[in-house]
Structures are given as structure tokens and as C-alpha cells.
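J.: Before we start, here is the structure in question, set down as C-alpha cells.
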Amino acid sequence: MPKEERFKMAGNMQGSLLSQTMFEILKSQYPDYSDVYFEQSVAFNKYGNHARGFELLDQAVELDPEMHLGYRGYMKLRFLRDFNGALKDFNRLDSLTPNFVDAPWGEGIDFLRGECYFGKKDYPKAIEMFNRNIEHHKEDWADIHSFVYLGLCEYELGNYEKAISEFKRALKQSEYTPESYFGMAKVYQKLGEIEKANENISKAEKFIHYKRENEYNEYLSEIYLWELLDFKQQLK
């Protein structure tokens with residue numbers, strides 16, 4: 001059976017003993033086959049064995065950096081909260097692909113770099129990255145959370161009116177964005193406009209099931225129902 005077919009079969013059984021055995025055989029037969037190291041790493045990282053997962057992923061990157069740097073940066077950001085390490089990978093990938101806007105694991109590279117800077121609390125740099133992402137993808141097609149993050153950054157910088165404007169840009173894309181309503185509720189609380197704060201926290205609660213979430217990791221800007229209820233109590 002050709003190696004590509006065996007690779008596909010092992011990938012379809014990801015995480016099983018048979019899958020891991022097939023990957024090990026493929027590595028022994030084709031030690032420069034970077035995709036095998038990458039695919040084998042996925043199950044380990046997905047289920048929390050990051051030491052083994054990154055050992056394999058590092059080998060994949062060494063063999064084919066252009067192909068695998070983006071995923072490693074994504075994993076460092078989303079799973080390890082290694083913001084500096086993620087930025088290093090994203091920036092290196094960017095340097096390898098001039099005149100091309102990369103999308104590691106399906107997300108714009110500038111959006112991901114913006115998340116890294118947000119995690120580092122470097123809000124001006126995060127704003128620069130999120131705006132660059134919007135400029136590339138255009139207002140109607142950019143990830144809606146670009147606007148949410150812009151609102152959060154402006155909030156952290158004390159630019160409350162600008163924060164409201166950014167949250168509203170997200171709501172223009174979708175009125176079912178609880179992160180924006182929660183952000184505006186916090187802004188209006190700061191401004192002493194408690195009625196508007198209550199109005200927005202109620203909408204955040206109403207649309208909480210539309211929130212951004214992932215079963216394997218927690219997002220930097222992720223919100224929870226208990227947070228909304230606690231905030232609601234503070235407004236009384």
C-alpha cells in the first residue's frame with residue numbers, strides 16, 4: 001500500500017494504538033516525511049500530552065518549516081499561552097512567504113498576532129494587528145472577533161467611546177455577539193450609564209449560547225454565563 005494511503009488511514013484513526021503504530025512505521029520508512037510527525041502530534045496535543053505532541057511537532061517544523069510553523073504558532077497561542085513563542089513562529093512563517101498573507105489553521109495571521117499581543121497586554125500593538133487583519137479581509141469578511149478584540153483593547157486603554165464604536169462594528173456583522181454586549185455593558189458601567197449597562201448585559205445573557213468557544217481550549221476573550229450574572233448583580 002502506498003505511503004499516502006497508509007498515512008490517510010492512520011490519520012482517520014487518530015489517537016488509536018493502531019494509528020500510532022502505523023505512524024511509527026511510516027517514520028522509520030520515510031524519516032523525512034514531515035506530515036507524519038505533524039499528524040501524529042495532533043492527537044497528543046488535543047488530549048493534553050503537550051510534551052510528546054510538541055516533540056513531534058518540532059520535528060515536523062524542522063523538516064518543513066513553511067508547512068508547519070503556522071500550526072505550531074497556533075498551538076503555542078491557543079493551548080500553551082506562549083505568546084512570545086507563538087509570535088516568533090508567526091513572524092518566521094511570514095518571512096518565509098513574502099507577498100502572501102498566511103492563514104495558520106484557517107485563521108488570519110494578523111488576527112492571531114493580535115491575540116498574542118492582547119495576551120501580552122500590549123494593546124496598541126494588538127490594535128495595529130487587528131486593524132491590519134480587517135484591512136486585508138475587508139470589513140464585511142474579517143473575523144467578527146477582530147472588532148470584539150478592538151473594543152476590548154480600547155476599553156483597557158480607557159478609550160470608552162472608541163470601544164463602544166468597535167463593539168458596534170461587531171454587532172453590525174451579527175447582532176448575536178454576546179462578547180460585544182458584555183463589553184459595552186462594562187463600558188457603560190464605567191461611564192455611569194447604568195441603564196444602558198443593564199440593557200447590554202441582558203442582551204449578552206440572552207445570546208450567550210452564540211458565544212465563541214471550543215471544546216479543546218479556552219479563548220483569551222471567552223465569556224461565561226456566571227460572569228454575566230455576577231456583573232448583573234454589581235449593577236444593582
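J.: Can you pull the Kirkwood radius for region 68-110, inverse mean 1/r over Cα pairs, to one decimal in Å?
T.: 10.0 Å
J.: Here is a follow-up. Please give the length that would be gained between Glu199 and Lys138 if that part of the chain were fully extended, namely 0.36 nm times their separation in residues minus their C-alpha to C-alpha distance (nm, one decimal).
T.: Separation in residues times 0.36 nm, less the Cα-Cα distance, equals 19.0 nm.
J.: Continuing with the same structure: Per residue, how much space in cubic angstrom lies within the convex hull of the C-alpha atoms of the chain?
T.: 136 Å³
J.: In nm², what is the average projected area of the convex hull enclosing the Cα atoms of region 143-236?
T.: Orientation-averaged projected area of the Cα hull: 5.6 nm².
J.: Continuing with the same structure: Output the peptides 222-233, 100-111, 143-154, 160-171 sorted from most to least packed, where packing is the average of other Cβ atoms within 10 Å over each peptide's residues.
T.: 143-154, 160-171, 100-111, 222-233
J.: Could you tell me the convex hull volume per residue, in Å³, taken over the Cα atoms of region 26-157?
T.: 107 Å³
J.: In region 58-103, which trypsin sites (Lys or Arg not before Pro) fall in coil by DSSP and have 12 or fewer other Cβ atoms within 10 Å?
T.: Nothing satisfies the criteria.
J.: Could I ask something else about it? What pairs from Lys120/Lys168; Lys8/Lys46; Lys162/Lys186; Lys120/Lys172 go past 20 Å between their alpha carbons?
T.: Going by Cα-Cα distance, Lys120/Lys168; Lys120/Lys172 fall outside the 20 Å limit.
J.: Can you tell me the dipole magnitude for the chain around its Cα centre, using point charges on the Cβ only (Lys, Arg +1; Asp, Glu -1), in Debye to the nearest 20?
T.: Taking the Cα centre of the chain as origin, the dipole is about 500 debye.
J.: Using Cα positions and a limit of under 18 Å, work out the lysines in reach of Lys3, with same-chain residues fewer than 8 apart set aside.
T.: List returned: Lys27.
J.: Using only Cα atoms and rounding to the nearest 10 degrees, what angle (0 to 90) does helix 65-75 make with the longest principal axis of the chain?
T.: So the helix axis and the longest Cα principal axis differ by about 50 degrees.
J.: Would you be so kind as to identify which of Phe54, Met184, Ser202 lies farthest towards the positive end of the dipole of the chain, taking Lys and Arg as +1 and Asp and Glu as -1 on Cβ and the Cα centre as origin?
T.: Ser202
J.: For every helix of n ≥ 4 consecutive DSSP H residues, a contribution of -39,500 (n - 2.57) applies; sum these over the chain, divide by its total residues, and give [θ] at 222 nm rounded to the nearest 500 deg cm²/dmol.
T.: Computed ellipticity for the chain at 222 nm equals -22000 deg cm²/dmol.
Throughout, read-outs are computed from the coordinates displayed, never taken from laboratory work. Only a predicted model underlies this, so the values are computations on that prediction, with no experimental measurement involved. We place every Cβ from the backbone using ideal geometry, glycine too, and count neighbours over all the protein chains shown.
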